[in-house]
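One structure below.
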Amino acid sequence: MALFLNILFVLFFAFTAPFWIFQLLRSKKYRAGWPQRLGWVPKREGKQPCVWIHGVSVGEILTARAFVRTLEKRHPGWDVVLSTTTLEAHRVVERAYPGKMLFYFPMELSFVIRRTLRRIRPTAVVLIEQELWPNFLHHCDRAGIPAILVNGRISQRSYRLYSIVRWPLFRPFRKVRSYCVQTQEVADRFAALGIPRAQIDVTGNMKYDNISTGDGGAKAGQAARRLHPNVCRRGPPGRQDLRSRLRP
């Protein structure tokens, strides 16, 4: 599976190379963070549990504020680290989450993903809205790192695309331990793609939790409750330690 996904990514990158070269030459935002995108992220210090939260852009990462507040209130000893994809989101995170470890999300290549996981050593990964990367999910599962989707959504256009390329995505998508989605319609779309109903919960849209002045919101609290049991049953029994599972 990983080999197939690597080949797929390389073919896509090769096909779109002229576009990326042009953008790299003309725009700073496309040049930002390349060492980190290749897995050279800062090494996380300490041995306390760590939740890695990823949102692709500004909207997603700001939506997670209530979730982060709730998580820190429930588990004050845990590390929370954040990743983004865009330069603008990176700058916003620096202001919205002062003091948090921040880095760019890795490219969808096995050796890059393994290097990033070795350096961050997450206990669990939280993906915001639609950030489902098949190879990344495959390697998280292989390392025994549970992944959950919060504030999940899937547009009609994405649903049609996923339906067409369902075979290479089906197994990695099923490795997400819990889908906390915005609406019943979204839940039905994920179920139609083959995600077991038992893994899907309709928790509503977390962006409304950020209107509250309290420590969190009801929807963020529901998502945080889904995280805890998944962390507690981290990894299948009988697997090796994390470092050995992530060796190249």
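Of all the residues in the stretch 140-151, those that are of a type outside the set (K, R) and not in a loop (DSSP other than H, G, I, E, B) number 7. Going through R177, R160, R166, R189 one at a time, which residue ends up being of a type in the set (D, E, K, R) and under 18 Å from the mean Cα position of the chain (by Cα)? Residue meeting the stated conditions: R177. Check whether at least one residue in the stretch 108-116 is more than 22 Å from I200 (Cβ to Cβ) and among the acidic types (D, E), and report yes or no. Within the stretch 108-116, one or more residues are more than 22 Å from I200 (Cβ to Cβ) and among the acidic types (D, E).
The helices (runs of 4 or more DSSP H) falling completely within the stretch 57-139 that include 2 or more residues that are under 20 Å from P35 (Cβ atoms) map to 87-96, 110-120. Of all residue pairs spaced 6 or more apart or on separate chains, those with beta-carbon atoms under 7 Å, a first member in the stretch 93-112 that is without any contact (Cβ under 8 Å) to a residue 24 or more places away in the chain and a second member that is surrounded by fewer than 18 Cβ atoms within 10 Å (Cβ to Cβ) are L102/E94. Give me a count of the residues in the stretch 32-71 that are among the acidic types (D, E) and within 18 Å of the chain's Cα centre (by Cα). Total meeting the criteria: 1.
Residue pairs whose Cβ atoms lie under 6 Å apart, sitting 6 or more positions apart in sequence or on different chains, and linking a residue in the stretch 1-27 that is among the aliphatic types (A, V, I, L, M) to a partner that is surrounded by 11 or more Cβ atoms within 10 Å (Cβ to Cβ), are M1/H138; A2/S110; A2/H138; L5/P134; L5/N135; L24/Y30; L24/R31.
One residue is enough: does the stretch 53-73 have a residue meeting the conditions surrounded by fewer than 16 Cβ atoms within 10 Å (Cβ to Cβ), basic (K, R) and modelled with pLDDT of 90 or more? No, every residue in the stretch 53-73 fails to be surrounded by fewer than 16 Cβ atoms within 10 Å (Cβ to Cβ), basic (K, R) and modelled with pLDDT of 90 or more.
For the stretch 8-50, the candidate set comprises residues that are out of contact with any Phe, Trp or Tyr (no Cβ under 7 Å at 6 or more places or on another chain) and of a type in the set (S, T, N, Q); within that set, the residue that is nearest to R166 (Cα to Cα) is T16.
Could you please let me know if F4 is within 21 Å of Y104 (Cα to Cα) and of a type in the set (F, W, Y)?
Working: within 21 Å of Y104 (Cα to Cα): no; of a type in the set (F, W, Y): yes.
Answer is no for this residue.
Looking only at the stretch 7-37, which residues are closer than 20 Å to W133 by Cα, part of a helix (DSSP H, G or I) and polar (S, T, N, Q)? Hit for the stretch 7-37 is Q36, nothing else.
Within the stretch 166-189, the set of residues being within 18 Å of V125 (Cβ to Cβ) and in a helix (DSSP H, G or I) comprises L169, R171, P172, F173, R174. Pairs meeting the criteria (first residue in the stretch 48-68 and under 12 Å from L127 (Cα atoms) and among the charged types (D, E, K, R), second residue part of a strand (DSSP E or B) and at pLDDT 90 or above, beta carbons under 7 Å, at least 6 apart or on different chains) are E60/I128. Kindly indicate whether any position in the stretch 69-92 is more than 17 Å from C140 (Cβ to Cβ), in contact with a His (Cβ under 9 Å, 6 or more places away or on another chain) and among the basic types (K, R). Yes: one or more hits. W40 passes every criterion in (1) assigned to a loop (DSSP other than H, G, I, E, B); (2) loosely packed, with under 11 Cβ neighbours inside 10 Å apart from (2). Looking at the stretch 25-37 only, could you name the residues that are at negative phi and crowded, with 16+ Cβ neighbours inside 10 Å? Within the stretch 25-37, Y30, Q36, R37 meet the criteria.
The values are calculated or read from the model by the stated rules, or taken from the named source; none is laboratory data. It should be emphasised that the depicted structure is a prediction, and the values quoted were computed from it without experimental measurement. With ideal geometry, Cβ positions are generated from the backbone for all residues, glycine too; neighbour counts draw on all protein chains shown.
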